[in-house]
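K.L.:
Take a look at this one; I'll ask things after.
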Amino acid sequence: MTVFKLNLQPFYALFRDKTGLIPSLGAALLLVGLLINTAQAAPPQQSPSGRPSAARGEALWAENCAPCHGISGRGDGPTAQSPEMANNPPTDLAERATARQRTLTDLFVVTQEGRMDRMMPPWGGRLEADEIWDVVAYAQTLATSASDIAAGEAIYQAECMSCHAADGTGSNVGVPDFTDAAILATQSPQALFDIISQGENEMHAFAERGNTGRALSEEERWQVVDYVRTFSFEPIISEGVILGQVKNATTGQPVGSVEVRLQRWQEETELEPLTTQADADGNFLFTGLDTRSHTFYRSEATYDGVSFPGDFVGFEPGNAQLSLPVNVYETTTSDEAISVERFHFIAFGDQPGFFSILELYQFSNAGDRAYVGTVNEAGLRETVRIALPAGAQDVFLQMGTMGIDFMETDDGLVATSIVAPGVETFDAAFVYLIPYSGSILNLDRSLYYDTASVNGLLLDVGAELKSEALLFSGERTAQGQNFVQYTAQDLKGGEKLSIQLVDLDKIQFTATPDASVGSGSTVMPSTGLKQTFLLGMILVLGAAAVVLGVTYPALQPRLRADDYSGEDNPTRDRQRLLLILARLDQAHETGELNEAVYRRARARRKAELADVLRRMQEQDLGSI
C-alpha cells in the first residue's frame, strides 16, 4: 500500500478567494480528494488494533482537522469562513446531543472515506488506520469536559467499581471489559446511557436505584458514560499543575506574600484569570489546569506598583507540570541602560508616490533594574521612544494596539511597556507609508538610544539608498525578488541617522486593474510582493537575524495605500493575526522555528487575537 502524505498548506494558498483573507476551499478540497483517491486509500479497519491515544490524536487533529473544524471541534476553523462552506459548514463535533449518537466506528469510517457532499476529503490515503483511530478518539472527547469526567469517576467508584473493577476490566464473569477498545468503538454514548439507565441482565436500572440506594440523575448517568469511555483509549492528562517562585532578580531574593495572577487563554478566548498568594518564600501553585494544546498561560506579579509578566507557556503532550517562575525587579525612571540591540528596516517602492517601510526595533536593558519611564497626564506609562522620518503616516502596528501598547508622538512613537533587564527584552514592529514626489525621499530620523546594529534592505526596483552611516553589504534574494542590503554598527544615541532614497523616478510600476479600486488603478509594481511577505519578514526578524532566501507564500492581496489606517480596526487586526498564526505554523512545520520560539511566539499572537476579539465584541454591543 502506498501511503500518500500531503501537505494541505500549498492548496490553501493556491485557492485563496479574491480578498485573499480566507481560503476558497471548494476547488482545493476537491483536488485534495482526487489526489488522495489516486493514492489508493487504505482498506477499512473497522476495529482499533489497541487502545487509541487521544494525546496523539490531539496533535493530528491540530495539524489536519482544526483548519476546518476548529481547535475545539465547533466547525469554526479559519477555512470554514470560505464562501463555498457558508451553506455547508463543517460538522460541530462538540455539540453534545449529536455527538452522543455517534460511535467511534462511525467517526472512523467518515474520516477514512470522507464525505465529499460535505466537502470533507477522505483521509485514508494520508493517515494510517491507527492514526485515524487516535484522531477520532480525540474528537470524541470534544463533546465532554474534564469536570464531567471527574464527577463521573467519583460516581463510578461509588456505584460501579464493585462489579466492573477500578480499572474497568470487570471483576465478575460476564461483566464487560471497558478497556476493550474494539467493543467500545461500536457503542455510542447514547447506547451506554440507555443500559445504565434501564439496566441489562443482572445489572439493575440506575435511573431507579443505584448500589448506594439512590437513583442517579440524568446528568450523573451521562457523567458516568463520559468516564467509562476513557477506559477504552489512552486519555489526555487533563489536570495540570503550574508552580513557580516570585523572585526579585535585582536583589536575588525571593519575594513573599504577593498575589500572583495566572492569565489563561483557550484558543482565541481569554478566560477569567486565576489568583493565588505566594508563600513567605515566594512559592506559588496553580492546580486543576487544562493541559490541552489549545490552552496556554502566563503568570504575572505586581511589585512596587509595577506589573511583571512571565513567559507564555503551554503544556507539552504527556506533561502535566510546568515551572513558571516570575522575575520582578527594582525599577528606575532613567533610560541610561537602554539601547537598541538591532534595528531592522525594509523599504518597498511598491506604489507610485509612496514607499512602504517595515521597521523592527529590539531593545535591551544593560542594567539590573526595570526601566519604567514616566506616567503621563492620562495615567499611561511612557517608556522607550522611536523616531520616524518626517512625513510618515498610517502607522500600522504588527505587535500590540495603538493607544494601549504604543502612542503616537510629534516625531514618532512611544511604548507603554516596561523594559526588563536583559538582551532584546522588548520588541516593536510596525509598517508605515511615506509619500514622495520627484526623485528623492529623505528617511532621516533621530536615534534616541545607542544602537548596536542596523540592517536595512531596499527592494531593488531601480532606486538607490545613500547614507553616510550605512554601508553597502551586498544583495539578497527573497520570494524571487532582489534586495540590496545596507548595514551599520555602534551608532550613538542622540545622533541623526541620515538615509536618502534617490532615483525614485527610475522605478518601473505596472498598472494592474483591480475591481476594488477601479479599473486601471496602479496597485503594485511588477515585483508582485504581498502583505503576507511583510508578515513573514516580521516573523523572521523577530525570531532571529534577517533570514532571506526563504520563499514565503503569497497569501494576501497586494498592498495599497488604503490598506493602512491609523483607526482602531479589529476586523483588520483579526485578519492580520490569523495570517501571522498561519505563517508561524508553516515556519514551525518547515523547521524555520524551533519549538521554544514557536510556542512563545504563537502564544503571544493568540493573546493579541483574544484582545482583538474582545474589542470586536465591544463594538458589536456598542452598535446595538
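The values are calculated or read from the model by the stated rules, or taken from the named source; none is laboratory data. In this text the structure is predicted, and so the values were computed from the model without any measurement. Quick reminder, even Gly has a Cβ in these numbers, built from the backbone with ideal geometry, and neighbours come from all protein chains shown. Quick note on the areas: whole protein, heavy atoms, side chains included, nothing else; ligands and nucleic acids left out. Shrake-Rupley method; radii C 1.70, N 1.55, O 1.52, S 1.80 Å.
K.L.:
Does VAL246 fit the bill of being over 30 Å from ASP279 (Cβ atoms) and either touching a strand residue (DSSP E or B) at 6+ places or on another chain (Cβ under 6 Å) or β-branched (Val, Ile, Thr) (or both)?
P.N.:
no
K.L.:
Going through segment 34-59 one residue at a time, which ones are at pLDDT below 50, open to solvent by 40 Å² or more (accessible area, probe 1.4 Å) and hydrophobic (A, V, I, L, M, F, W, C)?
P.N.:
The answer is LEU34, LEU35, ALA41.
K.L.:
I want to confirm something. Restricting to segment 455-474 and keeping residues that are surrounded by fewer than 17 Cβ atoms within 10 Å (Cβ to Cβ), touching a residue at least 24 places away in the same chain (Cβ under 8 Å) and within 17 Å of LEU491 (Cα to Cα), which single residue is nearest to the chain's Cα centre (by Cα)?
P.N.:
Per the stated criteria, the residue is LYS466.
K.L.:
Looking at segment 100-109, is at least one residue among the basic types (Lys, Arg) and more than 25 Å from ASP290 (Cβ to Cβ)?
P.N.:
no
K.L.:
Oh, and also: Could you check how many residues of segment 71-84 are closer than 22 Å to ARG229 by Cβ, open to solvent by less than 30 Å² (accessible area, probe 1.4 Å) and at pLDDT below 85?
P.N.:
1
K.L.:
Residues of segment 411-444 being under 28 Å from GLN508 (Cα atoms) and more than 27 Å from the chain's Cα centre (by Cα), which ones?
P.N.:
Within segment 411-444, LEU433, ILE434, PRO435, TYR436, SER437, GLY438, SER439, ILE440, LEU441, ASN442, LEU443, ASP444 meet the criteria.
K.L.:
Further question on the same structure: Anything in segment 414-453 that is surrounded by 19 or more Cβ atoms within 10 Å (Cβ to Cβ) and among the charged types (D, E, K, R)? List them, or say none.
P.N.:
Result: ASP427, ARG445.
K.L.:
Kindly check whether there is at least one residue in segment 355-365 that is open to solvent by 30 Å² or more (accessible area, probe 1.4 Å) and not acidic (Asp, Glu).
P.N.:
No, that holds for no residue.
K.L.:
When you look at PHE231, is it surrounded by 15 or more Cβ atoms within 10 Å (Cβ to Cβ), at pLDDT 90 or above, closer than 18 Å to ALA139 by Cα and in contact with a Lys or Arg (Cβ under 9 Å, 6 or more places away or on another chain), yes or no?
P.N.:
yes
K.L.:
Determine whether segment 85-96 contains at least one residue that is crowded, with 17+ Cβ neighbours inside 10 Å, assigned to a helix (DSSP H, G or I), at negative phi and modelled with pLDDT under 85.
P.N.:
Checked against the condition, which is being crowded, with 17+ Cβ neighbours inside 10 Å, assigned to a helix (DSSP H, G or I), at negative phi and modelled with pLDDT under 85, segment 85-96 yields at least one hit.
K.L.:
Further question on the same structure: Here are ASP335, ASP368, ASP410: which of them is closer than 19 Å to ASP444 by Cβ, open to solvent by 10 Å² or more (accessible area, probe 1.4 Å) and in a loop (DSSP other than H, G, I, E, B)?
P.N.:
ASP410 is the lone residue from the list that is closer than 19 Å to ASP444 by Cβ, open to solvent by 10 Å² or more (accessible area, probe 1.4 Å) and in a loop (DSSP other than H, G, I, E, B).
K.L.:
Let me ask another. Just one of GLN321, GLN245, GLN253, GLN277 is open to solvent by 50 Å² or more (accessible area, probe 1.4 Å) and within 30 Å of PHE178 (Cβ to Cβ); which is it?
P.N.:
GLN321
K.L.:
Moving to a separate point now. Among the listed residues ARG385, ARG381, ARG342, which satisfies the condition of being more than 30 Å from LEU501 (Cα to Cα) and basic (Lys, Arg)?
P.N.:
The unique qualifying residue is ARG381.
K.L.:
Tell me yes or no: at least one residue of segment 156-178 is open to solvent by less than 40 Å² (accessible area, probe 1.4 Å), touching an Asp or Glu at 6+ places or on another chain (Cβ under 7 Å), touching a residue at least 60 places away in the same chain (Cβ under 8 Å) and charged (D, E, K, R).
P.N.:
no
K.L.:
Say we look at segment 179-195 and pick out the residues that are under 17 Å from TYR138 (Cα atoms) and part of a helix (DSSP H, G or I); which of these is most open to solvent (accessible area, probe 1.4 Å)?
P.N.:
Checked segment 179-195; the qualifying residue most open to solvent (accessible area, probe 1.4 Å) is ALA182.
K.L.:
Can you name the residue in segment 98-115 that is crowded, with 20+ Cβ neighbours inside 10 Å and not polar (S, T, N, Q) and is also nearest to ALA137 (Cα to Cα) among such residues?
P.N.:
My answer is LEU104.
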